[in-house]
Amino acid sequence: MRTLLLSCACLLLAAFSTVAQAEDAKLKALIVDGQNNHGVWPKTTQMMKQYLEESGKFTVDVASTESNSTAGFAPKFADYDVVISNYNGQRWPAETDQAFVEYVKQGGGFVVVHAANNAFGDWDEYNRIIGLGGWGGRNAKSGPYVYFDKEEKLVRDTQPGNGGHHGSQHPFQVVIRDGDHPITEGMPKSWMHTQDELYDQLRGPAENMTVLATAYADPATGGSGRHEPMIMTIDYGKGRVFHTPMGHGDYSMECVGYITTFLRGTEWAATGNVTQPIPDDFPKPHELSKRPYEEKK
């Protein structure tokens with residue numbers, strides 16, 4: 001009997017050890033939030049957290065500022081493979097700013113989602129990290145507008161004007177501009193994204209930035225009449241940055257195209273590689289595809 005108990009104990013320990021090793025092998029992700037001009041942010045943070053965990057590739061923590069203060073906000077960025085920003089609010093403490101810049105510069109991954117590119121308009125290093133931003137006082141001094149013109153050429157436009165604009169929300173088609181990048185490899189040349197804000201007139205340093213996909217901001221919906229960046233990567237020091245202006249609402253994040261792009265972009269920011277496949281229900285050039293979100297208890 002004693003031998004049997006010892007054998008069972010050993011098996012349990014081995015099982016727990018295997019589980020622990022599997023968890024240790026996962027990429028460590030941190031979502032930062034706490035302030036945002038989009039009231040849905042608590043839900044969209046949980047959506048992104050659940051998507052990452054369900055992929056089987058990530059463990060996820062969340063670090064939140066107070067709703068009206070950033071005092072004491074000091075995440076240990078260096079403990080993570082990738083940091084995802086769902087934040088747009090007050091400036092972080094100076095020590096936290098410095099730790100964040102050093103984290104990315106030394107090889108940390110960073111993911112910019114929607115309104116996170118509105119944040120910190122007066123922080124030069126943040127603007128270099130994200131490539132392009134909107135609102136927050138951004139103007140011609142922040143850097144050029146970047147878009148594709150009617151001849152399908154990438155334009156860096158230095159004309160005067162404020163950064164950040166969008167028309168009315170609507171579904172729109174995303175056009176892949178670089179299908180050889182690990183994030184976009186295997187995606188259809190174009191695919192439909194569900195209802196969202198289509199950011200246009202973004203501007204910034206745009207240094208070491210690659211535009212992987214664009215969307216046409218149709219004047220009929222209040223847009224710029226240009227193909228605007230929708231999926232971007234930026235090299236900053238040794239760090240990799242994935243930037244998507246998509247993701248305004250919870251309904252926007254139910255798009256299979258958004259989910260897939262977010263997961264692949266986050267993995268790439270963390271590792272430089274992508275192992276997650278394009279799913280069978282990925283949207284088609286003229287056909288939407290959504291996965292209704294159900295919060296896991």
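Read the figures in this text as sums done on the coordinates, not as results from a lab. Keep in mind that what you see is a predicted model, and the values were worked out from it rather than measured. Every residue, glycine among them, receives a Cβ derived from its backbone with ideal geometry; neighbour counts consider all protein chains shown.
Using 0.36 nm per residue, how much length does the chain from D235 to D281 gain when fully extended, once their Cα-Cα distance is taken away?
Going from the current span to full extension adds 13.5 nm.
Please enumerate, by chain and number, the lysines with C-alpha under 21 Å from the C-alpha of K28, excluding those fewer than 8 residues away in the same chain.
List returned: K43, K49, K57, K76, K105, K238, K296.
Over the chain, what is the mean sequence separation of C-alpha contacts under 8 Å (at least six apart), divided by residue count, expressed as relative contact order in percent?
18 percent
Tabulate in residue order the Karplus-calculated ³J(HN,Hα) for segment 67-84, using 6.51 cos²θ - 1.76 cosθ + 1.60 with θ = phi - 60°, rounded to whole Hz; enter x for Gly and Pro.
Taking θ as phi minus 60°, the curve returns 5, 10, 7, 10, 4, x, 6, 8, x, 8, 3, 5, 7, 10, 7, 8, 10, 10 Hz for segment 67-84.
With a point put 7 Å past each Cα toward its Cβ, work out how far E102 is from K26 in nm, to one decimal.
2.9 nm
Name the GluC sites (Glu not before Pro) in segment 96-194 that are in a loop by DSSP and that have at most 14 other C-beta atoms within 10 Å, would you?
E151, E152, E185
Calculate the spin-label point distance for N37 paired with E66, positioning each point 7 Å from the Cα along the beta-carbon direction, and give it in nanometres.
2.4 nm
Taking only the Cα atoms of segment 19-271, how large is their convex hull per residue, in Å³?
Convex hull of Cα atoms, per residue: 119 Å³.
Please state the shape class of segment 76-194: rounded when a/c is under 1.5, otherwise prolate if a/b exceeds b/c and oblate if not, all from the C-alpha gyration tensor.
oblate
Which FRET efficiency, nearest 0.05, do S168 and K76 yield, Cβ-Cβ r, R0 51 Å?
Numbers: r = 41 Å, r/R0 = 0.80.
Between S168 and K76 the formula returns 0.80.
Measure nothing fancy, just the Cα-based angle from helix 256-271's long axis to the longest principal axis of the chain, in degrees from 0 to 90, nearest 10.
The two axes meet at around 70 degrees.
Which far-off residues, 5 or more places away or on another chain, put their amide H under 5 Å from the one on G133, with H placed in the peptide plane?
R203, G204
Mark the label point 7 Å from the Cα of K296 along Cα→Cβ and return the residues of segment 50-71 whose backbone N is within less than 14 Å of it.
Of the residues in segment 50-71, 50-61 have backbone N under 14 Å from the label point off K296.
Angle, helix 41-54 long axis vs. longest principal axis of the chain, Cα atoms, 0 to 90°, nearest 10?
Approximately 50 degrees, to the nearest 10.
Give me the distance between the Cα centres of segment 240-276 and segment 101-135, rounded to whole Å.
So the separation of the two Cα centres works out to 16 Å.
Out of residues 5 or more away from M230 or on other chains, whose amide H comes under 5 Å of its own, with H placed 1.01 Å from N in the peptide plane?
A213, T214, A215
Stretched out fully, how many nm does the piece from T271 to K150 gain, at 0.36 nm a residue minus the Cα gap?
40.1 nm
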